[in-house]
Structures are given as structure tokens and as C-alpha cells.
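Participant: Dropping the structure in here first, questions after.
The values are calculated or read from the model by the stated rules, or taken from the named source; none is laboratory data. Model, not experiment: these values are computed from the prediction. Here the Cβ positions follow ideal geometry from the backbone for every residue, glycine too, while neighbour counts run over all protein chains shown.
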Amino acid sequence: MGHSRAGGRRSTIMGFAASALLLSACGGAAPATAPPAPAVVGAAPTAAPTVMAAASTEPTPELVSSTAIATVAPGGAVTLEMAGGQFAPRAAVATAGEVVFYLNNTSQQGIHSLAIGRAQLEFRGGRVTNIPLAVSDKVRYHQAATFTVEGLPAGNYVIWCTVENHAAEGMTGTLTVKP
Ligand SMILES: [Cu+2]
């Protein structure tokens, strides 16, 4: 059961989600006579309870990323305010490589996320159908998180919020990644 460590330290939150999924899958599928699963020790999830893991049914994003709760934007971070059903700025700029976003959800009650994709956004039933290259965990109102994306190539991207129909209602934008 090495899966809980596979993502390494940087993807603790997503690793926790994967572990929970696998553990629940093991529990549901194991016959009654199966030996008990080894206890999970030393790998207690450290995910802050206030950052909610992304839905496990989402396709696996192409780029490695991690989300961690934060209260201050790290130096060099690309800050995105999430409020009023919009990103601010709506046209973000970053430099290729490891990009750290500071997702500051200053809304009164909304929960938001940041997804990054290459193609123009397409919708079906009010939901974006694009598969993101990377997607953050959801960030609650009055909270902030860093969202670190590894190896983001230079280029032009679209960004959107994956929560409910936020993108269809305008929570979208662009991301220009310079070489
Ligand atoms: Cu949103």
C-alpha cells in the first residue's frame, strides 16, 4: 500500500484523497476472510480541514500540483482574488516553470477553485467539459491557499472555477505564461 506516499510531500492533500478512495475501495471489495489491511501509521493526513479535496471523480490532471492552506502570499506568487463570482485579475500572468498561485477567497460565502486548461472553454448543462491540466482543491470563503503547479509551459491558457456553475456565470479568465 505505497500509494499514500507516492505523491510525495508536496501533494499531501491530493494524496490523502487518493488514499481515502483506495482505502474505501479496498474495504468495500475485500471478502470477509481477507487478512486485515495494514494499519496506516505515520502518514496521518495533514490536509487542513478547511480546504476541501477535489472530487475524486475528476479526470487526473496532466500536471502535478498541490494545494495548501495559507495566510500570506509567498514571494513571487500569482495572486488571484476570488470574490463576486469572478477572478481578479481576470487576465493573470506567470512565468513558466513551477508557478505558485495564491488563491485568496475573499467572498462572503462562496467556495471556489482554480482550474487551468489549454483549449477554449466548452460548456454542457452549465458545466465546463474541458479536462484541466491542473486544478486546485476548493478554497472556502474567507480563506486562502497556495496552489503550486509544476512545470507549467509557456503559452496561453484559460482558467475557470470548477465549483457548480460558477464558470458558466463568469468565473473564468485567462492565464498567460511567459517563457
Ligand atoms: Cu467559484
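Participant: Quick one: MET171 ticks every box in (1) within 21 Å of VAL64 (Cα to Cα); (2) within 14 Å of the ligand (Cβ to nearest atom); (3) among the hydrophobic types (A, V, I, L, M, F, W, C) except a single one, so which number is it?
Facilitator: Evaluating MET171 over (1) within 21 Å of VAL64 (Cα to Cα); (2) within 14 Å of the ligand (Cβ to nearest atom); (3) among the hydrophobic types (A, V, I, L, M, F, W, C) leaves (1) as the failure.
Participant: Got at least one residue in the range 111-134 being at pLDDT below 95 and within 12 Å of the ligand (Cβ to nearest atom)?
Facilitator: No - not one qualifying residue is present in the range 111-134.
Participant: Can I ask one more? Kindly list, by first and then second residue, each pair from a residue in the range 126-146 that is at positive phi to a residue that is at pLDDT 95 or above and surrounded by fewer than 21 Cβ atoms within 10 Å (Cβ to Cβ), limited to pairs with Cβ atoms under 6 Å and residues at least 6 apart or on different chains.
Facilitator: Every condition considered, the pairs that remain are GLY126/ASN165; GLY126/ALA168.
Participant: If you don't mind, another one. Restricting attention to the range 77-92, and to residues there that are of a type outside the set (A, V, I, L, M, F, W, C) and within 18 Å of ASN156 (Cα to Cα), which single residue is nearest to the ligand (Cβ to nearest atom)?
Facilitator: ARG90
Participant: Something else: I want to confirm something. Restricting to the range 134-158 and keeping residues that are buried (at least 23 other Cβ atoms within 10 Å of the Cβ) and aliphatic (A, V, I, L, M), which single residue is nearest to ARG118 (Cα to Cα)?
Facilitator: Looking at residues that are buried (at least 23 other Cβ atoms within 10 Å of the Cβ) and aliphatic (A, V, I, L, M), I get ALA134.
Participant: Among the listed residues VAL163, VAL177, which satisfies the condition of being within 11 Å of the ligand (Cβ to nearest atom) and either closer than 20 Å to VAL93 by Cβ or in the same structural domain as ALA70 (by TED's automatic domain parsing) (or both)?
Facilitator: That would be VAL163, the only listed residue that is within 11 Å of the ligand (Cβ to nearest atom) and either closer than 20 Å to VAL93 by Cβ or in the same structural domain as ALA70 (by TED's automatic domain parsing) (or both).
Participant: Answer yes or no as to whether THR106 is more than 14 Å from the ligand (Cβ to nearest atom) and either of a type outside the set (A, V, I, L, M, F, W, C) or surrounded by fewer than 21 Cβ atoms within 10 Å (Cβ to Cβ) (or both). Break it down into steps so the answer makes sense when it comes.
Facilitator: Working: more than 14 Å from the ligand (Cβ to nearest atom): no; either of a type outside the set (A, V, I, L, M, F, W, C) or surrounded by fewer than 21 Cβ atoms within 10 Å (Cβ to Cβ) (or both): yes.
Judged against the criteria, THR106 is not a match.
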